[in-house]
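**Q** Provided herewith is a single structure, encoded as structure tokens, for subsequent inquiry.
Nothing in this text is a laboratory measurement; each read-out follows from the coordinates by a stated rule. None of these values were measured; they are calculated from a predicted model. Ideal geometry is used to build each Cβ from the backbone, glycine not excepted, and the neighbour counts take in all protein chains shown.
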Amino acid sequence: MTQKPKYRSQMRIYVDIMRVIQREENHAKPTRILYGANLSYDRLVKHLDELKTLGVIGEIAEGDDRFYELTQKGIEFLNQFRAVERFAGAFGFVI
Amino acid sequence: MVGPLWFVGFDSLMELVAFVIAVAIAYQALRGYRLTKQRTLWYVHLGFAALSAGLLIDSLAGFLGIIARTLRGAVVVTLVGYEIYFLAQLVAYGLLIYAYVSHTRTLNTTPSTTVLASLLGFVALQATPAFPIRLVGPLVEYHPIPEIVLLLLVTYIAIQTGVNYSTTKDQDALFVFLAFLLLALSHLFFILQPFAALFFVVGHVLQLLGYVSLLTMLVRVTTTR
């Protein structure tokens with residue numbers, strides 16, 4: 001019942017990326033996200049671009065380094081998702 | 001179905017409370033579906049929407065029965081209300097079972113309970129509440145076959161939610177398991193009501209407690225950060 005699906009949905013990948021950023025105190029390097037969300041570099045770049053377009057994460061350049069942070073919209077989305085995840089999980093459904 | 005005379009009206013009131021809770025659950029499932037596009041949440045939404053519609057109609061039919069000027073009128077109104085509620089429950093439990101079956105299929109496992117669900121669905125389609133057995137007096141309408149079908153269906157859901165709780169040991173899952181267990185017990189007491197009118201009361205109390213358990217889960221899920 002609570003077994004994880006074989007493949008992650010796009011939504012799950014987005015949430016995993018955003019959770020890594022949140023875990024890194026809302027200031028995460030791409031390499032940390034890459035390892036934390038278990039993604040290849042190409043896919044990470046693609047998903048980060050999509051998330052930026054959605055307005056849930058922002059990119060900050062500090063010298064040669066790039067950092068990612070959650071926007072207010074992203075934080076609200078994660079809170080909503082957490083409630084939905086718990087609701088679905090209470091019934092035994094994995095999102 | 002009608003229990004002791006002193007209980008008339010209370011059953012409708014309890015169903016009205018359960019209706020509000022079912023609407024809240026349906027709404028949360030819809031929010032979840034809109035956010036995640038997860039199909040199982042859509043089925044949960046549809047299931048609880050059907051349940052809430054059935055609860056509202058049966059509750060209103062109960063109140064209409066009370067204010068009906070003739071005994072025959074009261075019996076007809078409550079009977080129609082029950083039949084609609086039965087169909088709503090059939091659809092709702094069917095959708096929830098489908099959600100579990102399809103979710104398990106997504107996880108690439110073959111549940112032994114899938115066969116049971118198909119059989120229950122078949123039995124449910126054969127059952128009709130149109131011919132209730134009249135046991136004692138014109139007011140006591142007894143629907144054993146529909147209630148047995150509903151008991152079997154909701155027992156399947158209770159088992160699924162019980163398995164989920166046993167693997168996760170999560171309190172939210174416990175409340176959902178308790179809810180469906182209480183709903184299953186309520187149907188059992190509705191089946192047994194010819195043996196004692198009080199069983200009808202117990203059935204309604206258990207049904208309400210089941211919905212309160214779902215409400216507890218919902219409040220925990222939506223308020224805890």
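**Q** What is the calculated FRET efficiency for A:A61 to A:M11, with r their C-beta to C-beta distance and R₀ = 35 Å, to the nearest 0.05?
**A** Efficiency computed from Cβ-Cβ geometry: 0.80.
**Q** Same structure again: What FRET efficiency, computed as 1/(1 + (r/R0)^6) with R0 = 30 Å and r the Cβ-Cβ distance, is obtained for A:H27 and B:T167, rounded to the nearest 0.05?
**A** Result of the calculation: an efficiency of 0.25.
**Q** For region A:56-71, in order, what is each residue's ³J(HN,Hα) by Karplus, 6.51 cos²θ - 1.76 cosθ + 1.60 with θ = phi - 60°, in whole Hz (x at glycine and Pro)?
**A** Per-residue couplings from phi come out as 9, 10, x, 10, 10, 9, 10, x, 8, 8, 10, 10, 10, 9, 7, 7 Hz.
**Q** Apply the Kirkwood formula to region A:10-89: the hydrodynamic radius equals the inverse of the mean of 1/r over all pairs of different alpha-carbon atoms; give it in Å with one decimal.
**A** It is 12.6 Å.
**Q** Could you pull out the pairs from A:K73/B:K37; A:K29/A:K52; B:K37/B:K169 whose alpha carbons sit more than 21 Å apart here?
**A** Correct reply: B:K37/B:K169.
**Q** Name all residues of region A:62-76 having a backbone nitrogen under 17 Å from the label point set 7 Å from the Cα of A:Y35 along its Cα→Cβ direction, giving them as ranges.
**A** A:66-68, by backbone N distance to the label point.
**Q** Same structure again: Let me have the 222 nm mean residue ellipticity of chain A computed from DSSP H runs of 4+ only, each contributing -39500 (n - 2.57), with the sum over all residues rounded to the nearest 500.
**A** About -18500 deg cm²/dmol.
**Q** Assuming R0 = 25 Å, what is the FRET efficiency of A:T71 and B:R34, from their Cβ-Cβ distance, to the nearest 0.05?
**A** Efficiency, rounded to the nearest 0.05: 0.80.
**Q** Go through region B:49-56 residue by residue and turn each phi into a ³J(HN,Hα) via Karplus (6.51, -1.76, 1.60, θ = phi - 60°); whole Hz please, and just put x for glycine and proline.
**A** 5, 5, 4, 5, 4, x, 4, 5
**Q** To continue, here is another question. Which part of region A:20-41 falls in the paramagnetic zone of A:K52, meaning amide N under 17 Å from the point 7 Å along Cα-to-beta-carbon?
**A** A:21, A:27-34, A:41
**Q** Same structure again: Once you average over the residues of A:77-88, how many Cβ atoms of partner chains fall within 10 Å of each Cβ?
**A** The per-residue average across the peptide is 6.
**Q** In chain A, if the dipole is taken from +1 on Lys/Arg beta carbons and -1 on Asp/Glu beta carbons about the Cα centre, which of A:I21, A:S40, A:V94 is farthest to the positive end?
**A** A:V94
**Q** Using the Karplus curve 6.51 cos²θ - 1.76 cosθ + 1.60 with θ = phi - 60°, what ³J(HN,Hα) values do you get for each residue of region A:78-83, in whole Hz, with x for Gly and Pro?
**A** These are the phi-based 3J(HN,Hα) values: 4, 5, 5, 5, 4, 5 Hz.
**Q** Please compute, over every Cα-Cα pair in the protein assembly as shown, the percentage with a separation greater than 26 angstrom.
**A** For the protein assembly as shown, the share of Cα pairs beyond 26 Å comes to 53 percent.
**Q** Let me ask something additional. Other chains near B:165-173: what is the mean number of their Cβ atoms within 10 Å of each residue's Cβ? Spell out each step's value before the answer.
**A** On the way: counts 4, 2, 4, 5, 0, 5, 1, 5, 7.
Mean inter-chain Cβ contacts per residue within 10 Å come to 4.
**Q** Given the Cα-Cα distance of B:F10 and B:S102 and 0.36 nm per residue of separation, how much length would full extension add, in nm?
**A** Full extension of this stretch gives 29.3 nm more.
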